[in-house]
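Data block below; observations after.
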Amino acid sequence: NITVVKGKLAGLDAELTSSFSGLFGEHSAMQGTAELKGLNFKSWTYHLGLPMPEFIDQKALTKGDGTFEWQWDGEKILLKELKMQIDETLLQGTVSYQIGEEPVLAFDLGLDQLNLDTYQAEYKVENQVSAKTTRPGQNNLSNPPQTTQATLSANTVRYLPVGVPIERLRRLKASGQLRIGQLTAWDVNAQTIQVDVLAEQGVLSLAPLDADLYQGQLRSKLTLDVSTEAPEYHWKGRFNAINLQAALATNPDSMILEGLLASRFDLQSKGNTASTLKQHLNGTHSSEITQVKIAGLDINQLLNGTLESQSASTQLEQVYLSGKWQQGIYSAKQFSVQSARFSGNGAGEFDLNQAKIDSQFLLTIEKPTFAL
């Protein structure tokens, strides 16, 4: 039978204070409270000899403070009344983890001000020496036309080091709720995210996987099946009333100045790498954009016989796209544009694996002037 009052452990500028009591030995059962101050995760990882990725932001995982209550029964650890400040993120809630052949995880957590871009790491990939050519009339979006000389360059690849071993996911049984306020990831900003998690027998279900972003909503569910040799993904849902002006504000090269996006999708894929996921992408996708404004000439004014010398834009009433993905190739069955003085319909294919477009678009001039 053990009782500790304000036991303190200090090192590397961090300090842990805990009071607890209970049984210690063959049948352990203890509970208590803890307060953590000044924990530098990077420093502790380095001194413990554990691997740590090279974060782009040098301040990533350098600050940790908080309090929590804990219980341990020899098999399961429970953290409740958890309130932790990790870097700029506030973490609150309850977590329990039971060890064993089939570990069990349960949680009810809330996070606020989470910026995943802070935790991006990077590595460099050397490209092979190759002569790059583009034949006339071919659109290759990944390799724009250039001279036929051999080039050698190093690309910097950024990634989030949050991989979980497949074997561990296959054995994991988990359930819980995750709520995130003010999430930033890959230059995407979301006001709120709500996720219900259920994992059992190698199938991880995130349903619902919902978010409020750019004055609109994402309503979806995602399933990850790791019971097979290659992980299989199924993401189904819709975007409602996404404000494209806000969504594309960080992209100075975007031609879309304004618009409201509504989209439906039902996508499936499998694989362990980005290239295999592209190759096995299948499903359906449709989008409708209304109140669209495209940067450049005002085509409606041009068709009316007027040319603005100032910077202008073309107003589109509606843009609609519908089609299917098959083995990483999107076949657009319907592509239509409607504006005041012109409309258009088209179809085509977009090869995600090779970043190539092959399409046709038929334009109709409506309300033509006498001169036209």
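The values are calculated or read from the model by the stated rules, or taken from the named source; none is laboratory data. What you see is a predicted model; the values in this text were computed from it and never measured. Cβ atoms come from the backbone with ideal geometry, glycine included; neighbour counts cover every protein chain shown. Just so you know, the surface numbers come from the protein's heavy atoms only, side chains and all, with ligands and any DNA or RNA stripped out. Shrake-Rupley method; radii C 1.70, N 1.55, O 1.52, S 1.80 Å.
Evaluate segment 310-319: report whether one residue or more is touching a Gly at 6+ places or on another chain (Cβ under 8 Å), over 30 Å from L222 (Cα atoms) and not in a strand (DSSP E or B). The answer is yes, given that some residue of segment 310-319 is touching a Gly at 6+ places or on another chain (Cβ under 8 Å), over 30 Å from L222 (Cα atoms) and not in a strand (DSSP E or B). Quick one: is S322 surrounded by 13 or more Cβ atoms within 10 Å (Cβ to Cβ) and of a type outside the set (A, V, I, L, M, F, W, C)? The answer is yes for S322.
For segment 341-372, the tally of residues that are part of a strand (DSSP E or B) and more than 26 Å from L281 (Cα to Cα) stands at 7. Given L297, L302, which one is part of a loop (DSSP other than H, G, I, E, B), out of contact with any Pro (no Cβ under 9 Å at 6 or more places or on another chain) and surrounded by fewer than 16 Cβ atoms within 10 Å (Cβ to Cβ)? Unique residue meeting the criteria: L297.
For the structure I just gave you, tell me whether Q217 is open to solvent by 30 Å² or more (accessible area, probe 1.4 Å) and not in a strand (DSSP E or B). Break it down into steps so the answer makes sense when it comes.
Values: open to solvent by 30 Å² or more (accessible area, probe 1.4 Å): yes; not in a strand (DSSP E or B): no.
It is false that Q217 is open to solvent by 30 Å² or more (accessible area, probe 1.4 Å) and not in a strand (DSSP E or B).
For segment 230-285, a tally of residues being closer than 24 Å to Q326 by Cβ and either among the aliphatic types (A, V, I, L, M) or not in a loop (DSSP other than H, G, I, E, B) (or both) returns 30. The single condition among (1) open to solvent by 80 Å² or more (accessible area, probe 1.4 Å); (2) in contact (Cβ under 8 Å) with a residue 24 or more places away in the chain that F24 does not satisfy is (2). Does segment 82-97 contain at least one residue that is modelled with pLDDT under 90 and among the charged types (D, E, K, R)? Taking every residue of segment 82-97 in turn, none turns out to be modelled with pLDDT under 90 and among the charged types (D, E, K, R).
With respect to M30, determine if the residue is of a type in the set (A, V, I, L, M) and not in a strand (DSSP E or B).
Numbers: of a type in the set (A, V, I, L, M): yes; not in a strand (DSSP E or B): no.
Criteria not met by M30.
Among the residues making up segment 60-76, a single one is open to solvent by less than 60 Å² (accessible area, probe 1.4 Å) and acidic (D, E): D65.
For the residues T17, T94, the requirement of being surrounded by fewer than 16 Cβ atoms within 10 Å (Cβ to Cβ) and either outside any strand (DSSP E or B) or of a type in the set (V, I, T) (or both) singles out T17.
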